[in-house]
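Asks: For reference, the structure I am asking about is given below.
The values are calculated or read from the model by the stated rules, or taken from the named source; none is laboratory data. Worth saying up front: this structure is predicted, and the values here are computed from it rather than measured. With ideal geometry, Cβ positions are generated from the backbone for all residues, glycine too; neighbour counts draw on all protein chains shown. Side chains are part of the model used for accessible areas, which takes the heavy atoms of the whole protein and leaves out ligands, DNA and RNA. Shrake-Rupley method; radii C 1.70, N 1.55, O 1.52, S 1.80 Å.
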Amino acid sequence: MARMDCALHEETIIVGDASGHSLCRSTNDSRHYDPDSYLLDAVALVFARDIHKSQDIGETQFHVTLSTGIMPFGHPLQAVCVIPKDTTSAWLSTRLQGHFEVMDSEGLLGEINSLFDDEESPPDLYIGVVQHRHYPCGSGSFISRASLAFYEVLGAERDFFIVNGFGIKSGDPILFYHSDSDTASTSCSDAYSNLATLKEECLPLRNGAPSSGGKEVFGGLIFSSYLRGETSNLNVESSPFHENFPEVPLAGVFCNGEIGRGSSRSISQEDDQAKSAPCCLHYHSTVYLVLSYTPPTSEH
């Protein structure tokens, strides 16, 4: 995702489910392929603008906003040592930024868990890692970019946290995050406000026919985490959309890793401190995609 974010124009929108299974078939073969027999990195439906389209055809636009469900806490840390544990996880040692002593990860995780002892359902714990990497940009040159990536904390052994996934390097800055239902509820209201602003310039379809003038909203997609606790209900998660565009068709899916990448003006970050490091893969979130159509001007 970070490589795609670096390679594609900043206004290009990408949404989806990072862990979904797809049933597909070849254009030359009517057989459906068994997803257990074929490993796919991604299945994508791409919409691209035709630069040679006729002037009597209007413009289709995509609008995206995010309702997050995790919040940062604790002191900034720094990765010290990263060792692969198995095919899916790694050991990670850390220290406080500006210090040299490696932290007692097992003890720290115990202290963190004790903060949530009174809760019926302890929150999921993640680390947010700001990763500065070099990516090829053609002609043998490279560009340096920062991105924010999340790793679930699975446990701890002595000086090491056990995290799900790979990609962390020594020196990467780290901050703890935990899932939070209040954050999910508040950010859902923020998503409603963002879509209400969009509604001012985008009119929904009326009785299946376009309204007169302006942009027309003709559909929407939502990608929502199945881990959003009491809010893990598509009727709840879809409310920011259908309350603003009640007559517009909407489809959605529950995810375990929500992909949401858009322009800096259309999708928010989980942490103000990480705004300079865009995030494409989210957790405990809902990504809203709205599709609109602007008819050609009368002079065309």
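Asks: What pairs can you find where one residue is in the stretch 184-196 and open to solvent by less than 30 Å² (accessible area, probe 1.4 Å), the other is among the aliphatic types (A, V, I, L, M), and their Cβ atoms are less than 9 Å apart, with a gap of 6+ or different chains?
Replies: Short answer, once both residue conditions are applied: Ala184/Ile70; Ser187/Leu66; Cys188/Val236; Ala191/Leu66; Leu195/Val290.
Asks: Checking the conditions here, which among Ser89, Ser144, Ser93, Ser54 is in contact with a strand residue (DSSP E or B) (Cβ under 7 Å, 6 or more places away or on another chain) and surrounded by fewer than 12 Cβ atoms within 10 Å (Cβ to Cβ)? Can you show your working first?
Replies: Working: Ser89 fails: surrounded by fewer than 12 Cβ atoms within 10 Å (Cβ to Cβ); Ser93 fails: surrounded by fewer than 12 Cβ atoms within 10 Å (Cβ to Cβ); Ser54 fails: in contact with a strand residue (DSSP E or B) (Cβ under 7 Å, 6 or more places away or on another chain).
Being in contact with a strand residue (DSSP E or B) (Cβ under 7 Å, 6 or more places away or on another chain) and surrounded by fewer than 12 Cβ atoms within 10 Å (Cβ to Cβ) holds for just one of Ser89, Ser144, Ser93, Ser54, which is Ser144.
Asks: Could I ask something else about it? Taking the conditions exactly as written (modelled with pLDDT under 95 and either open to solvent by 40 Å² or more (accessible area, probe 1.4 Å) or assigned to a strand (DSSP E or B) (or both)), does Ser263 satisfy them or not?
Replies: Criteria not met by Ser263.
Asks: Kindly indicate the residue of the stretch 147-179 that is acidic (Asp, Glu) and surrounded by fewer than 20 Cβ atoms within 10 Å (Cβ to Cβ) and also nearest to Cys6 (Cα to Cα) among those meeting that condition.
Replies: Once the filter is applied, the top-ranked residue is Glu152.
Asks: Here's a follow-up. Looking only at the stretch 111-126, filter to residues that are open to solvent by less than 60 Å² (accessible area, probe 1.4 Å) and not in a helix (DSSP H, G or I); which one of those is nearest to Ala277 (Cα to Cα)?
Replies: Restricting to residues being open to solvent by less than 60 Å² (accessible area, probe 1.4 Å) and not in a helix (DSSP H, G or I), the top hit is Tyr126.
Asks: Taking the condition of being modelled with pLDDT under 85 and on the phi > 0 side of the Ramachandran plot, how many residues in the stretch 43-79 meet it?
Replies: 0
Asks: Looking at Asp34, is it open to solvent by less than 90 Å² (accessible area, probe 1.4 Å) and either touching a strand residue (DSSP E or B) at 6+ places or on another chain (Cβ under 7 Å) or modelled with pLDDT of 90 or more (or both)?
Replies: Here the answer is no, as Asp34 does not meet what is asked.
Asks: Tell me, which residue of the stretch 233-262 that is farther than 17 Å from Leu291 by Cα and of a type in the set (Asp, Glu) is farthest from the chain's Cα centre (by Cα)?
Replies: That would be Glu237.
Asks: Residue by residue through the stretch 200-217, note down the ones that are at pLDDT 75 or above, exposed (fewer than 15 other Cβ atoms within 10 Å of the Cβ) and outside any loop (DSSP other than H, G, I, E, B). Step through it out loud before you land on a result.
Replies: Applying the first criterion (at pLDDT 75 or above) to the stretch 200-217 yields 200-201, 215-217.
Filter once more, so that each one left must be exposed (fewer than 15 other Cβ atoms within 10 Å of the Cβ): 200-201.
Listed by number, the list is empty, since nothing qualifies.
Asks: Quick one: what pairs do we get from the stretch 144-165, first residue on the phi < 0 side of the Ramachandran plot and modelled with pLDDT of 95 or more, second small (Gly, Ala, Ser) and open to solvent by 60 Å² or more (accessible area, probe 1.4 Å), C-beta under 8 Å, 6+ apart or different chains?
Replies: Note: no pairs meet the criteria.
Asks: For the stretch 101-128, which positions are of a type in the set (A, V, I, L, M) and either modelled with pLDDT under 95 or over 24 Å from the mean Cα position of the chain (by Cα) (or both)? Steps first, answer last, please.
Replies: Taking the stretch 101-128 and keeping what is of a type in the set (A, V, I, L, M), we get 102-103, 108-109, 112, 115, 125, 127.
The answer is Val102, Met103, Leu108, Leu109, Ile112, Leu115.
Asks: Could you grab me the full set of residues in the stretch 96-110 that are assigned to a loop (DSSP other than H, G, I, E, B), open to solvent by less than 50 Å² (accessible area, probe 1.4 Å) and more than 12 Å from Phe160 (Cβ to Cβ)?
Replies: none
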